[in-house]
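Below: the structure, in structure tokens.
The values are calculated or read from the model by the stated rules, or taken from the named source; none is laboratory data. Only a predicted model underlies this, so the values are computations on that prediction, with no experimental measurement involved. Neighbour counts run over all protein chains shown; Cβ positions are idealised from the backbone, glycine included. Just the protein is used for accessible areas: all its heavy atoms, side chains included, with ligands, DNA and RNA removed. Shrake-Rupley method; radii C 1.70, N 1.55, O 1.52, S 1.80 Å.
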Amino acid sequence: MVSTKPGILVIDDQPGIRRLLIEVLSEEGYVVVEASNGYDGLQKAKDHHPSMILMDLKMPGMDGIETLKELKRLGMSSKVIMMTAYGELDLITEAKELGAVDYITKPFDIIVLCQMIQRNLYDENSSEHLMIS
């Protein structure tokens, strides 16, 4: 069976988070690709052109803000939802200014995250939904 749902790239340094998201989002019919850091995430984004990127804000090496800046520089049109365990308002504000469409705080309710993905991918009427390009 061929999936008709968009592709999602999960960029997070925590293997448990990546496994959970891959399992749940695959069951929802999405094609899911994973990356364990910002550098790998950039390459996977260029290779797979996902419709949505779920990205951790705090990662070793290239963090979520740096990765988001590079995605924007490359002209990637993926919608980005930032994930953070910290809830740092200044970094979340910066991510939104760089084009992130939303954020969720860890630990998150997987049902809420799935609804957020659905809303951001398919609700074109919302004024908050900005492409990162």
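Please go through (1) free of Cβ contacts under 8 Å to residues at least 40 places away in the same chain; (2) in a helix (DSSP H, G or I); (3) open to solvent by 30 Å² or more (accessible area, probe 1.4 Å) for K72 and return the number of the only condition it doesn't satisfy.
(1)
If I filter the stretch 40-57 down to residues being assigned to a loop (DSSP other than H, G, I, E, B) and either polar (S, T, N, Q) or surrounded by fewer than 17 Cβ atoms within 10 Å (Cβ to Cβ) (or both), which single residue comes out as farthest from the chain's Cα centre (by Cα)?
Residues of the stretch 40-57 that are assigned to a loop (DSSP other than H, G, I, E, B), as a first pass: 49-51, 57.
Among the residues that remain, those that are also either polar (S, T, N, Q) or surrounded by fewer than 17 Cβ atoms within 10 Å (Cβ to Cβ) (or both) are: 49, 51.
Working: H49: 12, S51: 9 Å.
The residue in question is H49.
Of all residues in the stretch 4-24, which are part of a helix (DSSP H, G or I), open to solvent by less than 40 Å² (accessible area, probe 1.4 Å) and over 13 Å from M83 (Cβ atoms)?
Matches in the stretch 4-24: V24 only.
Looking only at residues that are over 20 Å from S36 (Cβ atoms) and among the polar types (S, T, N, Q) in the stretch 83-107, which one is surrounded by the fewest Cβ atoms within 10 Å (Cβ to Cβ)?
Result: T93.
Against the definition (assigned to a strand (DSSP E or B), open to solvent by less than 70 Å² (accessible area, probe 1.4 Å) and over 14 Å from I117 (Cα atoms)), how does V80 come out, yes or no?
Numbers: assigned to a strand (DSSP E or B): yes; open to solvent by less than 70 Å² (accessible area, probe 1.4 Å): yes; over 14 Å from I117 (Cα atoms): no.
Judged against the criteria, V80 is not a match.
In the stretch 58-69, what count of residues is obtained for those that are of a type in the set (A, V, I, L, M) and either at positive phi or in a helix (DSSP H, G or I) (or both)? Spell out how you get there, then give the answer.
Keep residues of the stretch 58-69 that are of a type in the set (A, V, I, L, M), which gives 59, 62, 65, 68.
With the extra rule that they be either at positive phi or in a helix (DSSP H, G or I) (or both), the set shrinks to 65, 68.
Here the count works out to 2.
Can you tell me which residue among E66, E124 is of a type outside the set (S, T, N, Q), open to solvent by 10 Å² or more (accessible area, probe 1.4 Å) and at pLDDT below 95? Break it down into steps so the answer makes sense when it comes.
Values: E66 fails: at pLDDT below 95.
Only one candidate qualifies: E124.
For residues that are under 21 Å from I110 (Cβ atoms) and part of a helix (DSSP H, G or I), scanning just the stretch 25-39, find the one that is least open to solvent (accessible area, probe 1.4 Å).
Going through the stretch 25-39, the residues under 21 Å from I110 (Cβ atoms) turn out to be 25-36.
Still in the running and part of a helix (DSSP H, G or I): 25-27.
Values: L25: 1, S26: 58, E27: 140 Å².
In this case the residue turns out to be L25.
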